[in-house]
1. Using a 10 Å cut-off around each Cβ, can you sort A:Glu202, A:Glu266, B:Glu3 from fewest to most neighbouring Cβ atoms?
2. Compactness ratio of segment B:142-279: Cα Rg over 2.2 N^0.38 Å, N = residue count?
3. Taking the convex hull of the Cα atoms, report for chain A its projected area averaged over all directions, in nm².
4. Build a GNM of chain A with springs between Cα atoms under 10 Å: which of A:Ala164, A:Ala268, A:Ala203 gets the top mean-square fluctuation?
5. Report the full-extension gain for the segment A:Glu16 to A:Ser165: residue separation times 0.36 nm, less the Cα-Cα distance, to one decimal in nm.
6. Hydropathy at least -1.0 by Kyte-Doolittle, axial extent at least 27 angstrom from the Cα trace: which helices of chain A, defined as entire DSSP H runs, fit?
7. At a 10 Å Cβ-Cβ cut-off, how would you order A:Val200, A:Val241, fewest neighbours first?
8. Dividing the convex hull volume of the Cα atoms of segment B:172-215 by its residue count, what figure in Å³ per residue is obtained?
Amino acid sequence: MSREKTAVRPAYGKNEKRERLMGYILAAPAVILLVVFTVYPLIYLIYRSLFGGNLIAKDPDFVGIENYQTLFESEDFHKVLTNTLVYTLITVVLTIVLAVIIASWLHSKRNRKLNDITQTFIFTPHIISVVSVSTLFLWLMDSKMGFLNSVLNALGFDSYTFLASPDTALFSIALVMVWKGLGYYVLLIMAALQNIPSNVYEAAEIDDTPKLRTFFKITLPMISPTILFTSVVATISSFKVFDSVSIMTGGGPLNSTNTLVYYIYEYAYRYGKPGQACAAGVILLIFVCAITFLQFKVSKKRVYYQ
Amino acid sequence: MKERNKVLDGGLNILDIVGKLVLIVVMAFPFFWMISTALKTLGETLLYPPSLLPESPQWSNFAEVFKTIPVGQYLVNSLIVCVSVVLLQYLIIVPAAYSLSKYDYKAKPLVFALVMLGQMIPMQITFLPIYFMFSDLGLMDTYVALIIPFISNPFGIFMLRQYFLQVPSEVIEAAKLDNASDIKIMFKVMMPMVRPALVTIGLLSFISNWNNYFWPLIMTSQDAYRTLPIGIALLKDADTLQRWNIIMAGNLLLVLPMLGLYVVASRKIRNAFVYSGIK
């Protein structure tokens, strides 16, 4: 009798206590690691941003918000923020627009087998190291010897400067990262397209609604939650761009591709100003929190949910 | 009229095929160029306009990579880090996910919030404090520094929790009647039921650790602990002559294992990434 009872309701009396304790014990290792590698660093980042000193000094002096003042008065930092925002805007808009178009195209019933092969190829760069993708495009985009310019020349165009000029370098890096990341977003949007119930389209088919209208009036609203989500993911991943900048340009030419994380890295390790680097880190943190918060807000209001 | 529609449709079909082939070429050509360059002679890489294929493949370029940088050491380090992260993380994330799905306690929402926070905050924000911490502890240039920050994989906890929630509680109750301990139930009963999730998590973390550049760049300064992406990036700087054939050969060593994995398990990998994106 009592045995049956425990079988139905195990969380009972003494058992309940034990159960609770076990819950804590099992979660403890992960909790400790997350506190050590996420919570503590966030707190320390904010704390350290209020101090001066260098990488080696044990007791840096308290400087209050001086590091932030220095940042906002620095023209370099303005440039870095602008670069990061422009880069993010180009990358996110290009990626999402292309991904929606390509996903809808590959979702159509025409040439199904080819659709699958195309999707396999589009996704490939996503699992390749940014190191190799960046190095490869450094070679492809070489302004004198690169393959891309040889194609442009063969078609009768002048050579493009790509990474060699401050006017085109940031855009070139954005193009490379769009190429690399596109497949992932196509994949996510295709998954959303596949989840649209087919009966939604039946009414439109009966009315003979033009395809483009169906796309804008039915398909797009139905996948809007995914578009929002992918935009947020793309925005955050663009904000933290580092590897490609570090390998392709090192922030140059003339600071034209210096972005926020690269700036933080350089200020900490090259210029030995960890306080200022941490202050810039706090600004990145604020950006990431703001975007995540915005996602929550917007997704509650505007987006169509079934 | 019908005849005209048919012609129009045929035309559209050809356009559709051509468009998709162009897309495939755009995605695949850079990889072809990497392989082609890696097999050229130095002289061939200096031709402009470049030749599409090497006259005869220069396999010795790969040997030249091994002479320029200690690739073997980098490769071993990469494998040690990737395999350790993949295996050790299960010891952390399986209990955490099990706790979050099948136990009741007061701080559970807080633990869950912590996991979500971990998922939200990128390492590009937390790296400096962790660098200071590891410096103070003398952990710079160690495998520990490359492995530990990744084994609490918040995405893994989140995904496993979803899977555990779907396992009916009756299964656990039945095991409890047999007097199985919590730990035994977790490893012997629950884990086998969520094998697909474990594979997905393992695949994703292997791929991301294999490709990781940012973290080992900050945590290592000696060849003894550098991983392959760092080594290959150094090759570009180490090779002062900018021998693109050698640089591309080196990069192929970094790329080929991933391409091989993708050829073998393309659908599985894509499904894993879909899951990581949808949640």
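Bear in mind that the values in this text are calculations on the coordinates, not laboratory data. Just so it is clear, the structure is predicted and the values come from calculations on it, not from any experiment. Cβ coordinates were reconstructed from backbone atoms using ideal geometry, including for glycine residues, and neighbour counts include every protein chain displayed.
1. Working: A:Glu202 10, A:Glu266 18, B:Glu3 7.
Arranged by neighbour count, lowest to highest, A:Glu202, A:Glu266, B:Glu3 become B:Glu3, A:Glu202, A:Glu266.
2. The reported ratio for this selection is 1.42.
3. Values: hull surface 105.9 nm².
Reported value for the Cα convex hull: 26.5 nm².
4. Its mean-square fluctuation being the largest, the pick is A:Ala203.
5. On the way: separation 149, 0.36 × 149 = 53.64 nm, distance 6.76 nm.
Stretched out fully, the A:Glu16 to A:Ser165 stretch lengthens by 46.9 nm.
6. Details: long enough: A:14-34 (30 Å, 0.24); A:75-107 (47 Å, 1.37); A:169-194 (38 Å, 1.76); A:274-301 (40 Å, 1.27).
Correct list, ordered by number: A:14-34, A:75-107, A:169-194, A:274-301.
7. On the way: A:Val200 13, A:Val241 24.
Arranged by neighbour count, lowest to highest, A:Val200, A:Val241 become A:Val200, A:Val241.
8. Working: hull volume 3.3 nm³, N = 44.
Spread over its residues, the Cα hull of segment B:172-215 gives 76 Å³ apiece.
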